[in-house]
1. May I ask you to list the residues in the range 129-165 that are assigned to a strand (DSSP E or B) and surrounded by 14 or more Cβ atoms within 10 Å (Cβ to Cβ)?
2. Given the criterion at positive phi and either at pLDDT below 80 or polar (S, T, N, Q) (or both), identify the matching residue among Gly153, Gly124.
3. Can you name the number of the only condition in (1) of a type outside the set (Val, Ile, Thr); (2) in contact with an Asp or Glu (Cβ under 7 Å, 6 or more places away or on another chain); (3) assigned to a helix (DSSP H, G or I) that Ala79 fails?
4. Select from the range 144-169 the residues that are among the polar types (S, T, N, Q) and under 24 Å from Val54 (Cβ atoms) and write down the one among them that is nearest to the chain's Cα centre (by Cα).
Amino acid sequence: MRTTIRGKNLTVSQKDSDYLERKLQRLERMLDERCEADVELRIEGNRKVADSHVVEVSLLIDGLLLRGEAAASTFRAAADEVVDKLERRTVDAKERPRDRRRAEQVRFVEAETREAPTAVLESGEESRVVKVKRFAIEPMFEEDAISRMDELGHTFFIFVNAENERVAVLYRRRDGRLGLIEPVIGGSYRPIDQG
C-alpha cells in the first residue's frame, strides 16, 4: 500500500510518521499493494485541547474511497482511533459482493448522467429535484449522531433526537464546529444565540 503522510500547516515528526505507518500496516494485511492511503495531520485551535489533534485518512481501494477522521489529545491517539474505524469499514467493504457493488456503481453513473441537470440553468428554467433518497432513521442522542456522522465522513447527518423525538439535522460548519437544525412545524420561531 502506498502511503502519503502530510501535515496541514505543521511539520510531521518522524516518530509520528513511523507510528502512523506501523498502524496502517494493520490495514495492509487486508488490502493489496495497489491501494493508496493519504494521511493528513492537523491541529485545530477551535476545538477542546482533548480533541485538537486531528488525523484524517483516505483509502482508495479498487476505485472505492473510504475516509476516516478522528480527533484526540495527541496524533497517536487519533491514529489509533481512525485506524480502528477504517479497519471496520474495510472489512465491511471487502465482505460486500464485488459484482453487486460494481453493478450499483454502473447503475448510479447511468442514472446520474441521464438525470443530471445542466450546470447553469437557462433563464426561465426551473430547478428540479433529480434524486430522492429515503432511509430509515432511529432515535439517538446528539453524541451518537456526531459519532455516526464522523464515521460516515459526511458534513451533515439527519436523525431523530431521542430527547425530544423531533427530526434534527447535525452539520459541520466551515469553522470546524458543529451546528444543529431543529425544525418546528407550525410553531413560533424563537431565535437562538449564535455560536
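1. Once the filter is applied, which keeps residues that are assigned to a strand (DSSP E or B) and surrounded by 14 or more Cβ atoms within 10 Å (Cβ to Cβ), the range 129-165 yields Met140, Phe157, Ile158, Phe159, Val160, Asn161.
2. When all the criteria are applied, what remains is Gly124.
3. Result: Ala79 passes all but (2).
4. Keep residues of the range 144-169 that are among the polar types (S, T, N, Q), which gives 147, 155, 161, 164.
Next, only the ones that are under 24 Å from Val54 (Cβ atoms) stay: 147, 155.
On the way: Ser147: 10, Thr155: 7 Å.
Out of the qualifying residues, it is Thr155.
The values are calculated or read from the model by the stated rules, or taken from the named source; none is laboratory data. The shown structure was predicted, so the numbers you read here are calculated from the model rather than taken from an experiment. Positions of Cβ are generated from backbone atoms using ideal geometry, with glycine treated the same way; all protein chains shown enter the neighbour counts.
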